[in-house]
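Input: a single structure, listed below in structure tokens.
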Amino acid sequence: MRGELVAIDLETTGLDPQADRILEFGGVRIVDGEIVEEYNTLINPGCSIPPYITHLTGITDEDVADAPILRDVHRKIHQFIKDVPVIAHNVSFDLSFLRANGLAPNNLPVDTYELASILLPSAVRYNLNSLTMDAGIQLDYAHRALHDARATAKLYWYLWEKALTLPTAILNEIAETALHLKIPAARFFTSAIEEQTARNIATQTKTPHNTFFSLYNKGTSTLQPTPTPQTIVQDEIVDLLGEHSPLAKTMPDYEHRPQQIDMAKAVASAFNRGEHLLVEAGTGTGKSIAYLMPAALWALQNGQRVVISTGTINLQEQLLNNDIPLVKAALGHDELRAAVMKGRSNYLCPRRLETVRRRKPTNIEEWRLLAKILVWLLEDQSGDKNGISLRGLAEHSVWQRLSAEDEGCTMEQCAKMGGICPFFKARKAAEAAHILIVNHALLVSDAASDNHVLPEYDYVIIDEAHDFEAAVTSGMSYRIDEAALRRRIADLGDLSNGLLGAVAKAGQQYLPDRKAQKLIAYMQDMVAASQSMRVVVQKLYQAVYHFLVEEEVARSAEYTITHRLTPQNRQKTAFQQIQRIWVKLEEYLSTLHDALGQLINAIQRMEEATEQQRDNLLNSIAATMRYFEMVYEELHQFFIEPDSNMVYWIAFNSDPKQASLQSAPLHIGPLVENYLWEKKRSVVLTSATLQTANSFEYIQQRLYAEHIQAIDVGSPFDYRQSTLVYLPSDIPEPNDRQGKYQKMLERAIIELATALGGRIMVLFTSYSHLRQTAQAVGPRLALGDIEIFTQSDGTSREALLDGFQETERAVLLGTRSFWQGVDIPGDSLSGLIMARLPFAVPSDPIFAARSETYTNSFSTFAVPDAILRFRQGFGRLIRRKTDKGVFVIFDKRVLTKNYGNQFLESLPDCEIRQGPLSALPEAAAQWLQLGENVRSE
Ligand code: SF4
């Protein structure tokens, strides 16, 4: 839209338009993209400003003490906004505050967040700051109303110009469905079409769906294994990795590392003998090259693919973009091929996409994602989820339904799609690859199901194996919530919409009248049954809520609350009430299953329909049946017949009425044994942290790997020179209720950060602890010109890490994902504080259920489990040979409890000192200064 528009931004005292107040209004009027007028005012909210708002906006109580109250500027704001369309980033938030105060009641909302999420489908982040940065728009002071309003106006115009570059047919498709669903953004897209027409830049050709996707490159063929495998010669490994190797010439920061050679030889030997192996290789070993070299040799000389499984996408990218090219160059083998294969849900299914385009989206979430996908496919033909930026549960859930997940399709069907199917292409590339990279969850779930996403393989290397159990557990977990279940039932539609609508339409078109009428009558009953089924689902979840109330766990909280189902609470009356409702729902599900089967018969009789039309309907019905079969099986186990190797629980975030039903495997050891140890010729597990208290016993026992050889190749780092472990001796234990522990932690962060000029990371075990600490130390660090990056403000992990490394004086507060996989080499990170020993939360359902399978669960399960995380956390500090740092264990239990020593013994040989907290800053500064001297020598 061009013409007159107003871009606004508000700063407020909180998020609730009924309870919170407006603090600042900023607005700019634009006409045809040019800013012609601005208005900005602070507003006295009549209450004190919460500290985190002051921290975010910089607006203090003093700033607004003499500002007008809203009533005084109400008229001025009203006159500024008039009745023109209002643009804002997350417009519903700003409009909710204005409308709660009687302003902008009927103005058309224009949301730059929504438009950006469609028109910039690959943006890494959608906050105003990042979008304006990506678009080259200057934003001087984020979170101040006028600056944000100006940036929003410019961003709007950038998006408008982007829309004008789209094919008219795509704009039309987006606009038509938006109009049909009465989505306010419809006006933006219809205006773009009018503008294209007026400027004579409209394109009239429709974009056929197969031009959205690139074609499969038929140039590569499947690997052909040699009849007799040829073993790897150990000397070759030494030649390839040693001081005079080709790698030494090609690798920019090559270092001769005996540990790397030892590991490579051990992997080669495991492959040669067809044995399994566990290898702990400390940080700095260069373990990915150490396993890639023998893996590549094996695959090339024997025509047998080697699968490499990782826990993180970061490692997958590192292998593909850095390490494999180095190995390829060192081997001088251009034909070494590598590919990444992901789970089915990562690939867009062209057939499903076409079906939704044809039947049109039925809700705003589906419309948004379809629009985004259409724009994305114009820029990126991969169809790989990695290339599109999905936001929120809603987009993920719609993607899931458009993905190859559950499709149950065969390669023959793929062939019918003319080689455009992204899943088909990935599968073909996987078949041709010598090195196939996958993730842990896919590795095990594929082996354990008939899915067969992965081609045949016998040799596997599992990197980041410390996380293998958790990743496989999470990949094999189920979660069924009311909203998703009701949405899937709603997707069945009625006689004019959704799946049933499509079948009804086809029936009327392709069946003789009498048969069509019979089908319609039958489907009328199905529509009525599906409506009743939604009511039963609602009742089921109400009964779940009632059960939570009876169990006295239904409360609102900032964190996720879980309630495990045990043989005891399954006996409770409230649970039996859920079971009764479930039995009713079971009947509906099995009737629905039979009815869908009848529709399949009817479709097969539609002889006049084309094969593709029939296939599309049949595939959609088959996918729907599979979904409801999964629901049936999972919930039947959940409510009636629990599997003894599964854990079941109910979880909710802030609202116990929105609970989800979840399950996960109790142990993954049997799966690993069945599908890896017993079926594969050689499996190598590796990580920098596999041992607890210098023993592999714990991980071997968790993965049923007691019979497997385990070796520790050590680390080339000299931790005695590089790392000071400081144990404050005068702090209370973390469970201190007087608040003294917390005060001392805050003091430690501030004083250490001041002494080191930032450069510290603090690892927490819970979000609430992190948030509480961030709020307390943030303003005080700001006084010392130290910026704080915290995982609690919604910023992505990557953005936080970038910000921390790019800012000279910075402190990073992280939890969960920051305990592993964070690689900050050099001086950016010189101090690491561990706020607590990372024991699992005892009430976590999976942890609690696993604990119950031990006689002495604390010492044989909880402690080693925590030690593995502790070692991972410690590993964030020293990333290169030249790094030097201070590790502060801010948990006195390491000194006072019997198990404390096991944590300390799990560390490499470092300089360990105990002392008062007050001596920490100086000790740290001295230690690091010594490091600078050493480095300059
Ligand atoms: S082969 Fe499967 S994923 Fe690919 S287009 Fe066909 S149905 Fe979709």
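The values are calculated or read from the model by the stated rules, or taken from the named source; none is laboratory data. Because the structure is predicted, anything quoted here is derived from the model rather than measured. Here the Cβ positions follow ideal geometry from the backbone for every residue, glycine too, while neighbour counts run over all protein chains shown. Calculation scope for accessible area: heavy atoms of the full protein, side chains included, ligands and nucleic acids excluded. Shrake-Rupley method; radii C 1.70, N 1.55, O 1.52, S 1.80 Å.
Some observations on this one:
- Listed residue (LEU829, VAL841, PHE890) projecting farthest to the positive dipole end of segment 822-896, Cβ model: LEU829
- Cα gyration tensor, segment 598-680 - rounded (a/c under 1.5), prolate or oblate: oblate
- Cross-link pairs beyond the 25 Å C-alpha cut-off, checked among LYS360/LYS657; LYS372/LYS425; LYS342/LYS372; LYS82/LYS162; LYS740/LYS897: LYS360/LYS657; LYS82/LYS162
- With the convex hull drawn over the C-alpha atoms of the chain, the volume per residue is 193 Å³.
- Between GLN598 and ASP83, the simple spin-label model (points 7 angstrom out along Cα→Cβ) gives 5.3 nm.
- Modelled FRET efficiency - R0 56 Å, ILE35 with HIS396, Cβ distances, 0.05 increments: 0.90
- In sequence order, segment 352-361 has phi-based couplings of 5, 4, 4, 4, 5, 5, 6, 7, 6, x Hz under the Karplus curve 6.51 cos²θ - 1.76 cosθ + 1.60, θ = phi - 60°, and Gly or Pro positions carry x.
- With θ taken as phi - 60° and the Karplus curve 6.51 cos²θ - 1.76 cosθ + 1.60 applied, the whole-hertz 3J(HN,Hα) list for segment 506-518 is 5, x, 5, 7, 10, 10, x, 3, 5, 5, 5, 4, 4 Hz, x standing for glycine and proline.
- Taking only the C-alpha atoms of segment 719-936, the Rg (one decimal) and the largest Cα-Cα distance, Dmax (whole number), read 16.8, 55 Å.
- In nm, spacing of pseudo-spin labels at SER449 and LEU56 (7 Å Cα→C-beta vector): 3.9
- Theoretical gain in end-to-end length, ASN901 to GLN234 [0.36 nm per residue, Cα-Cα removed]: 236.2 nm
- Radius of gyration and Dmax over the Cα atoms of segment 297-429, both given in Å: 17.4, 54
- Each residue of segment 691-708 is assigned a 3J(HN,Hα), and the resulting list reads 9, 10, 6, 6, 9, 8, 3, 5, 5, 4, 5, 5, 9, 6, 10, 4, 8, 9 Hz, derived from the Karplus form 6.51 cos²θ - 1.76 cosθ + 1.60 (θ = phi - 60°), x at Gly and Pro.
- Distance histogram for segment 479-665 (every C-alpha pair counted, 5 angstrom bins, percent rounded to whole numbers): 1, 7, 15, 18, 16, 12, 9, 8, 6, 4, 2, 1
- Trypsin sites (Lys or Arg not before Pro) within segment 695-749, DSSP loop, no more than 16 other Cβ atoms inside 10 Å: ARG737
- Computed FRET value (nearest 0.05) for LYS515 with ARG357, which takes r as the C-beta separation and R₀ as 22 Å: 0.20
- Over the chain, accessible surface divided per residue gives 43 Å², non-protein components excluded, 1.4 Å probe.
- Over the chain, DSSP H runs of length four or greater, each weighted -39,500 (n - 2.57), average out per residue to a 222 nm ellipticity of -15000 deg cm²/dmol.
- Rolling a 1.4 Å probe over the protein heavy atoms of the chain, with every protein chain left in place, gives an accessible area that is 48 percent carbon and sulfur.
- Scaling against 2.2 N^0.38 Å puts the C-alpha radius of gyration of segment 344-415 at 1.05.
- Amide H contacts under 5 Å for THR790, placed H, 5+ residues apart: LEU813
- Once the mean of 1/r is taken over each pair of separate Cα atoms and inverted, segment 45-85 shows a Kirkwood hydrodynamic radius of 12.0 Å.
- Under-5 Å amide H pairs with SER403, H placed in peptide plane, nonlocal only: CYS349
- Overall, segment 50-136 carries a charge dipole of about 300 debye about its Cα centre when +1 sits on the Cβ of Lys and Arg and -1 on the Cβ of Asp and Glu, all other atoms neutral.
- Estimated inter-spin distance, GLU611 and SER918, nm [label 7 Å along Cα→Cβ]: 8.6
- Segment 277-333: Rg to Rh, with Rh as the Kirkwood radius over Cα pairs: 0.95
- Amide H to amide H distances under 5 Å link GLN914 with LEU727, where only residues 5 or more positions off or on other chains count and H is placed in the peptide plane.
- Of the chymotrypsin sites (Phe, Trp or Tyr not before Pro) found in segment 80-174, those that fall in a DSSP loop while having at most 15 other beta-carbon atoms within 10 Å are TYR141.
- Length released on extending from GLN531 to GLU550, taking residue separation times 0.36 nm less the Cα-Cα span: 3.9 nm
- For the chain, the Cβ-based charge dipole about the Cα centre amounts to some 1720 debye (Lys, Arg positive; Asp, Glu negative; other atoms uncharged).
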